[in-house]
Amino acid sequence: MTTVNIEYCVPCGFLERAEDIQHQLLSSFGQQLDSVALVTGDHGVLTVTVNGETIYDKQEDEYDVDEIVRSVRNHL
């Protein structure tokens, strides 16, 4: 099974973005995913990892939920 972690910056207020990503992934893939966990962080972090591999990092990529969903789909 596939495990997704979404680490987000609490002080920056990225919870809503993290929840949007989580909702889209669960809506799109449901039981294909073992878990989609929200992980608290700081220092401006917003990353998505699939089975330990980073597929999205706010520092390097534009925020696009659809692109994140496509990247997760490629790992299923």
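The values are calculated or read from the model by the stated rules, or taken from the named source; none is laboratory data. Just so we're clear, the structure is a prediction, and the values are computed from it rather than from any experiment. Positions of Cβ are backbone-derived with ideal geometry, glycine not excepted, and every protein chain shown enters the neighbour counts. Heavy atoms of the whole protein, side chains included, go into the accessibility calculation; ligands, DNA and RNA do not. Shrake-Rupley method; radii C 1.70, N 1.55, O 1.52, S 1.80 Å.
Only Cα sites of the chain enter the Debye sum here, all with the same form factor; the resulting log10 I(q)/I(0) across q = 0.20 1/Å is -0.77, listed in q order. Placing +1 on the Cβ of every Lys and Arg and -1 on the Cβ of every Asp and Glu, with nothing else charged, gives the chain a dipole about its Cα centre of roughly 240 debye.
Please list, in order, the residues from region 9-34 whose amide nitrogen is less than 18 Å from a point placed 7 Å along the Cα→Cβ vector of residue 42. Hits in region 9-34 for residue 42 at 18 Å: 9-15. In order along region 17-32, the Karplus-derived 3J(HN,Hα) couplings, from 6.51 cos²θ - 1.76 cosθ + 1.60 at θ = phi - 60°, round to 4, 4, 5, 4, 4, 4, 4, 4, 5, 5, 5, 7, 10, x, 6, 6 Hz, and Gly and Pro are given as x.
For the chain, the fraction of 1.4 Å probe accessible surface lying on carbon and sulfur atoms is 41 percent. Among beta bridges identified by DSSP and lying wholly in the chain, the antiparallel ones come to about 55 percent.
Ignoring ligands, DNA and RNA, what accessible area per residue does the chain give at 1.4 Å, in Å²? Walk me through the intermediate numbers first.
Values: 4580 Å² over 76 residues.
Heavy-atom SASA per residue in the chain reads 60 Å².
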